[in-house]
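The values are calculated or read from the model by the stated rules, or taken from the named source; none is laboratory data. These numbers were taken from a predicted model, which means no experiment stands behind them. Using ideal geometry, Cβ is built from the backbone for each residue, glycine included, and neighbour counts are taken over all protein chains shown.
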């Protein structure tokens, strides 16, 4: 007999965050490759080709790292707290009790706005327990902000 789990599911950032990271890495990689290609005329063919190939390899490695980093972010809304986990080489697990939250901040830079994404930042009195969740779609970020704010007020009132 399988016992159903009472733990909520781990939620991940939007797939649009991965697309945004690909665009950022691709633009930087293309610029570096272009600069290396232009240097072919000045330096010489073999050295310029090696520089351009190196830029492409570096872009590929950056994309692989960014993919692992994207997959490492997840969060879980529990009854008494919010759990955020992240990290590739060094895993970090932040547990933020709703009653300890001072405010919830939603930000979106120009590139995030282009992809209709936002980042949630949770602030507590202790800076070590602050957490952030990047790459949330606007509606999900607004829902989470409102829910965390109401849960924070309710739990703080009970202290």
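Name the one entry in 148, 136, 122 that is assigned to a helix (DSSP H, G or I) and crowded, with 19+ Cβ neighbours inside 10 Å. Selected residue: 148, the only one of 148, 136, 122 that is assigned to a helix (DSSP H, G or I) and crowded, with 19+ Cβ neighbours inside 10 Å. If you go through the range 41-49 one residue at a time, do you hit one that is in contact with a helix residue (DSSP H, G or I) (Cβ under 6 Å, 6 or more places away or on another chain), farther than 30 Å from residue 155 by Cα and modelled with pLDDT under 90? Within the range 41-49, one or more residues are in contact with a helix residue (DSSP H, G or I) (Cβ under 6 Å, 6 or more places away or on another chain), farther than 30 Å from residue 155 by Cα and modelled with pLDDT under 90.
Among the candidates 52, 62, 125, the residue that is in contact with a strand residue (DSSP E or B) (Cβ under 7 Å, 6 or more places away or on another chain) and over 23 Å from residue 11 (Cα atoms) is uniquely 125. Contact annotation: residue pairs with Cβ atoms under 7 Å, 6 or more positions apart or on different chains, pairing a residue in the range 66-78 that is closer than 18 Å to residue 98 by Cα with a partner that is buried (at least 16 other Cβ atoms within 10 Å of the Cβ), are 74/12; 74/85; 75/82; 75/83; 75/84; 75/133; 76/83.
Rundown of residues vs (1) at pLDDT below 90; (2) in contact with a helix residue (DSSP H, G or I) (Cβ under 7 Å, 6 or more places away or on another chain); (3) closer than 26 Å to residue 156 by Cβ, yes/no style:
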{"position": "68", "(1), (2), (3)": "no, no, no"}
{"position": "116", "(1), (2), (3)": "no, yes, no"}
{"position": "126", "(1), (2), (3)": "yes, no, yes"}
{"position": "131", "(1), (2), (3)": "yes, no, yes"}
